[in-house]
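Reading through the structure tokens given below for one structure.
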């Protein structure tokens, strides 16, 4: 199993009456709600928490990309990942990911990911989302019905840039480059493992299967509601005649651990409510620009993860959110049982653990994270013994990696330097 | 009006045809056009009307290779050629007006009479055009009609906007139609037309509803200024869907082209 500690980086100061007084947490969110001075602490605390997860033995630390978004103040995940590449030691740096249709030219992503892989010593997991319609179309102005074509071209260019050992010309529709020759290139060969966040389109299933990428379903509505979608994926895997390694799939789940189920509710319910009621308050007009989804996907009825249950999240109590699996919360034993259900039910080897929720303060987050790492994670380690050696979907770091910040405390004296380099003054 | 099909380079193009008299090509807006369109009925009294559907509209075949403004413009000419027409009266509403203006600018010697009804294609920072692509179905009538209540009835034809089956069909149509329209209208409905308006030689009439809340009437002046000799006809108590609200007056304005 691979457990990645994931932080969406929500803005924790949305007002109590946010839903009533604001139309959207995303795209046209009120500028006045962001306080740059406060963000100094918010960013650093969030990065500290990611680093803390590394010390507890999580397999990965995860970041993602959103724009103009009150629950994800990470327009550039690579900036956070650069910090993590330096300050974490063992965890994979899971960037889930860069919306490659947005970058011009996309070789920029190939370069930045290569830098992250080099700095981290081969610990990068590269994510290539198409990007939500809010981010890609409404914030970044991509034409909805051409987004996928542009994405496909960007993907082709990045992989080619990573794997070609001599300069080449790339004559794409959206990218015309005479000399593609990225420098640096990644440590991991032939390239870092790739995870594709998807939302249920059969085209994405095939894309993952064709390229041996892991399919990640990043839902906020929990594992019970995800069953149908993941069944569709596994059915497709079977139809295509490839193996059903659980590492072909990943799933994001909100997880909160306390001493008892009751304690979990007392400690965390307000933060869960903050997330589901304020952070997911997206104006429906921004949910899906016409043309962004394929007709096939619309007809299959696969709904956007951002479409709240009928009636809206605000009507869901803690009890309903936990019982319906939006949130897995409770004592270590409760969480273990439900995680086992999730892992077996969805057949997923990569878990993106959403362990910071809404406006949760750092101390509560550390408490929950530590309990999960010490009392839950070890008991879930051996869920798929047959696939232990499947290394196609995870990092292959260098065996010997340097420690960041390992310079001597002081510069050498002149004499020491002369001695080291055996030069005469 | 009868629905027919003609083959072009890219796809078979569906078009509505009706009436008799001089040939008139009508290019529809982002919402599409149907056989019961009242403006087509008005125009068909005096003209042979051809209203080709943009690929993907109605149940017509999509054309993935039509991606940008030049593709749309040349496809427009392909459709006119496939219909066997020479110098038809060219009329366009909204997105169709944008395409018609581009067609007239790119081939100024092939269009002698042009009618632009609340055309898209220009942008003025002081008067931003509302974001059609972030507008929910129930918000549309207010944006599109002088009288939102009457507009709601026209748009929905009695259907329930909250019915899931209706919404499913609506979403599929929207994805096909506005998905295609988005290629020249998203995120800002401007693709450089202002630099090309000067090329238009056609006798031009511009028609605008005084209550147009999607593309405010101030845009009429941009077109009037850009096209030499263009005449502006302003129509009171009409919104962006002036073609539905005041078909008789729109047809009368087009008749000025002779």
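The values are calculated or read from the model by the stated rules, or taken from the named source; none is laboratory data. This structure is a prediction, so every number in the text was calculated from the model and none was measured. Quick reminder, even Gly has a Cβ in these numbers, built from the backbone with ideal geometry, and neighbours come from all protein chains shown.
Scanning the stretch A:173-190 for residues that are surrounded by fewer than 16 Cβ atoms within 10 Å (Cβ to Cβ) and out of contact with any strand residue (DSSP E or B) (no Cβ under 9 Å at 6 or more places or on another chain) yields A:173, A:183, A:184, A:189, A:190. For the stretch A:60-107, a residue qualifies if it is farther than 24 Å from residue A:350 by Cβ, in contact with a strand residue (DSSP E or B) (Cβ under 9 Å, 6 or more places away or on another chain) and not in a helix (DSSP H, G or I), and the qualifying residues are A:67, A:68, A:70, A:75, A:105. The condition (being touching a residue at least 40 places away in the same chain (Cβ under 8 Å) and over 21 Å from residue B:227 (Cβ atoms)) is satisfied by just one residue among B:184, B:188: B:188.
Would you mind stating whether residue B:215 is within 12 Å of chain A (Cβ to nearest Cβ) and assigned to a loop (DSSP other than H, G, I, E, B)? So residue B:215 does not fit the description; no.
For the stretch B:221-237, filtering for residues that are more than 15 Å from residue B:250 (Cα to Cα) and buried (at least 19 other Cβ atoms within 10 Å of the Cβ) leaves 5.
Only one of the numbered conditions (1) out of contact with any helix residue (DSSP H, G or I) (no Cβ under 9 Å at 6 or more places or on another chain); (2) part of a loop (DSSP other than H, G, I, E, B); (3) more than 14 Å from every other protein chain (Cβ to nearest Cβ) is violated by residue B:188, and that is (3). Taking the listed residues B:214, B:244, B:161, the one that is on the phi < 0 side of the Ramachandran plot, in contact with a helix residue (DSSP H, G or I) (Cβ under 6 Å, 6 or more places away or on another chain) and at pLDDT below 95 is B:161, with no other qualifying.
Tell me whether the stretch B:96-110 contains one or more residues that are closer than 19 Å to residue B:14 by Cβ and either within 14 Å of chain A (Cβ to nearest Cβ) or out of contact with any strand residue (DSSP E or B) (no Cβ under 9 Å at 6 or more places or on another chain) (or both). No, every residue in the stretch B:96-110 fails to be closer than 19 Å to residue B:14 by Cβ and either within 14 Å of chain A (Cβ to nearest Cβ) or out of contact with any strand residue (DSSP E or B) (no Cβ under 9 Å at 6 or more places or on another chain) (or both).
Looking across the stretch A:149-172 at every residue that is in contact (Cβ under 8 Å) with a residue 12 or more places away in the chain and more than 29 Å from the chain's Cα centre (by Cα), the one that is nearest to residue B:63 (Cα to Cα) is identified as A:170. Restricting A:209, A:119 to residues that are closer than 21 Å to residue A:242 by Cβ and away from every other protein chain (no Cβ under 14 Å) narrows the list to A:209. Considering the stretch B:12-26, and only residues there that are in a loop (DSSP other than H, G, I, E, B) and touching a helix residue (DSSP H, G or I) at 6+ places or on another chain (Cβ under 9 Å), the residue that is surrounded by the fewest Cβ atoms within 10 Å (Cβ to Cβ) turns out to be B:20. Contact map, the stretch A:25-43: first residue surrounded by fewer than 11 Cβ atoms within 10 Å (Cβ to Cβ), second residue part of a loop (DSSP other than H, G, I, E, B), Cβ cut-off under 7 Å, separation 6 or more or different chains; the map is empty. Among the residues of the stretch B:138-147, not a single one is farther than 30 Å from residue A:141 by Cβ and in contact with a strand residue (DSSP E or B) (Cβ under 6 Å, 6 or more places away or on another chain).
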